[in-house]
Amino acid sequence: MTTLTAKDKDAVRTFWAKVSGKEEDIGTDAVARMLAVYPQTKTYFAHWKDLSPSSPSARKHGITVMKGVADAVSKIDDLKGGLLTLSELHAFTLRVDPANFKILSHCLLVVLSIKFPNDFTPEAHVALDKFLAAVALALAEKYR
Amino acid sequence: MVKWTDEERKVINNIFSNLDYDDIGPKALRRCLVVYPWTQRHFSSFGDLSSPAAIMKNAKVAAHGVKVLHGLDRALKNMDNIKATYTELSILHSEKLHVDPDNFRVLADCLTITIAAKMGDSFTAATQAIFQKFLCVVVSALGRQYH
């Protein structure tokens with residue numbers, strides 16, 4: 001389910017070119033939605049002073065996550081290798097249950113749908129959904 | 001029993017009263033069939049589903065999308081007892097249609113994304129939370145009678 005075809009990779013790269021410049025807004029919105037719609041995800045951020053979706057910590061985290069996704073796009077031809085360090089971080093330090101990657105991916109797709117109502121076609125959606133699933137798998141690579 | 005605040009009822013009713021069923025229903029179902037192609041297994045009598053283009057043009061898909069979206073009206077009218085409201089439909093989907101209940105979840109996700117595109121920035125995080133809570137209850141009710 002996670003082998004990206006050449007067509008998928010092209011679709012992701014083409015769509016991502018449109019995202020350029022809006023990454024911060026998209027990332028912060030995705031994380032805000034994740035915290036609001038799936039409150040159980042807040043358990044990972046108990047160390048934040050302010051857990052509200054629009055808090056400075058949430059915004060900063062959205063930017064961090066989005067940088068990671070953008071990085072993954074550039075390493076789309078070898079996600080396992082390219083995301084090795086991030087995988088180790090998520091496996092040994094953060095220990096985020098991989099089910100949460102799906103949650104964040106969904107929130108990210110909702111934001112893309114809002115920001116790009118005409119470009120986020122079903123075809124673009126399936127390519128991005130596959131891509132995010134592949135990223136999630138690469139991030140979970142070192143878990144066990 | 002699921003509890004709904006006045007605000008939640010207001011938001012949900014607002015979304016549906018402004019909804020163009022003939023537009024959103026087809027779009028949500030088409031998206032589901034393209035993004036999760038295994039869902040096509042239930043529509044072998046619908047004709048050509050061989051490509052996203054074919055799915056977009058397929059009249060049976062469009063009609064079915066409208067029908068499914070109107071299915072949510074039942075929940076809207078019976079928000080305090082969604083579980084009982086969908087008993088018959090749940091039995092139908094389990095015993096006659098043999099639909100894996102996970103499909104309800106993926107269609108709900110596609111509907112969320114379709115409505116987000118339509119509503120734009122007014123589909124705030126808070127609105128999304130309320131809408132997804134509503135869909136989650138419906139999805140759960142539809143899966144309730146499976147055994």
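Bear in mind these aren't lab numbers, they're just calculated from the coordinates by the rules spelled out. Bear in mind that the values here come from a model prediction, so they are computed numbers and not experimental data. Don't worry about glycine lacking a Cβ; one is built from the backbone with ideal geometry, like all the others, and counts go over all protein chains shown.
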- Query: Does segment A:118-131 contain at least one residue that is farther than 23 Å from A:K80 by Cα, among the hydroxyl-bearing types (S, T, Y) and within 14 Å of chain B (Cβ to nearest Cβ)?
  - Reply: yes
- Message: So, restricting to helices (runs of 4 or more DSSP H) that lie completely within segment B:57-147, which ones have at least 3 residues that are out of contact with any Gly (no Cβ under 6 Å at 6 or more places or on another chain) and within 14 Å of chain A (Cβ to nearest Cβ)?
- Response: B:102-119, B:125-143
- If we keep just the residues of segment A:29-50 that are outside any helix (DSSP H, G or I) and surrounded by 15 or more Cβ atoms within 10 Å (Cβ to Cβ), which is nearest to the other protein chains (Cβ to nearest Cβ)? A:Y38
- Query: From B:V35, B:V61, which residue is closer than 22 Å to B:L142 by Cα and in contact with an Asp or Glu (Cβ under 8 Å, 6 or more places away or on another chain)?
  - Reply: B:V35
- Going through segment B:117-139 one residue at a time, which ones are crowded, with 17+ Cβ neighbours inside 10 Å, touching a residue at least 12 places away in the same chain (Cβ under 8 Å) and under 16 Å from A:Y38 (Cβ atoms)? B:T127, B:Q128, B:I130, B:F131, B:Q132, B:F134, B:L135, B:V137, B:V139
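Quick grid of which residues meet (1) over 10 Å from the mean Cα position of the chain (by Cα); (2) part of a helix (DSSP H, G or I); (3) aliphatic (A, V, I, L, M):
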site: A:H106; (1), (2), (3): no, yes, no
site: A:A124; (1), (2), (3): yes, yes, yes
site: A:K130; (1), (2), (3): yes, yes, no
site: A:A138; (1), (2), (3): yes, yes, yes
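Only one residue in A:T64, A:T85, A:T93 is of a type in the set (S, T, N, Q) and under 13 Å from the mean Cα position of the chain (by Cα). Which one?
The match here is A:T64.
On the basis of being away from chain B (no Cβ under 14 Å), closer than 17 Å to A:M66 by Cα and surrounded by fewer than 19 Cβ atoms within 10 Å (Cβ to Cβ), does A:L139 make the cut?
no
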- Among residues of segment A:98-134, those that are within 20 Å of A:A32 (Cβ to Cβ) and not basic (K, R), counted: 20
- Query: Among the residues of segment B:12-29, is there at least one that is of a type in the set (K, R) and crowded, with 21+ Cβ neighbours inside 10 Å?
  - Reply: yes
- For the subset of segment A:51-71 comprising residues that are under 15 Å from A:V96 (Cβ atoms) and not β-branched (V, I, T), which member is surrounded by the most Cβ atoms within 10 Å (Cβ to Cβ)? A:H61
- Query: Restricting segment B:17-39 to residues that are among the aromatic types (F, W, Y) and closer than 20 Å to A:F131 by Cα, which is nearest to the other protein chains (Cβ to nearest Cβ)?
  - Reply: B:Y36
- List the pairs whose first member sits in segment A:26-41 and is free of Cβ contacts under 8 Å to residues at least 40 places away in the same chain, whose second member is outside any helix (DSSP H, G or I) and not small (G, A, S), and whose Cβ atoms are under 7 Å apart, counting only residues at least 6 apart or on separate chains? A:A32/A:P53; A:L35/A:L51; A:L35/A:P53; A:A36/A:P53
- Looking at (1) free of Cβ contacts under 8 Å to residues at least 40 places away in the same chain; (2) touching a helix residue (DSSP H, G or I) at 6+ places or on another chain (Cβ under 7 Å); (3) within 14 Å of chain A (Cβ to nearest Cβ), find the lone condition where B:S51 falls short. (2)
- Message: Would you confirm whether or not segment B:103-114 contains a residue that is without any contact (Cβ under 8 Å) to a residue 12 or more places away in the chain, at negative phi and within 12 Å of the chain's Cα centre (by Cα)?
- Response: yes
- Item | Residue tally, condition closer than 21 Å to A:A136 by Cα, more than 13 Å from chain B (Cβ to nearest Cβ) and of a type outside the set (A, V, I, L, M, F, W, C), over segment A:51-69 | 5
- Output the residues belonging to segment A:85-104 that are of a type in the set (D, E) and part of a helix (DSSP H, G or I). A:E88
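Could you tell me which of the residues A:V65, A:V12 is aliphatic (A, V, I, L, M) and touching a residue at least 60 places away in the same chain (Cβ under 8 Å)?
Exactly one of A:V65, A:V12 is aliphatic (A, V, I, L, M) and touching a residue at least 60 places away in the same chain (Cβ under 8 Å), namely A:V12.
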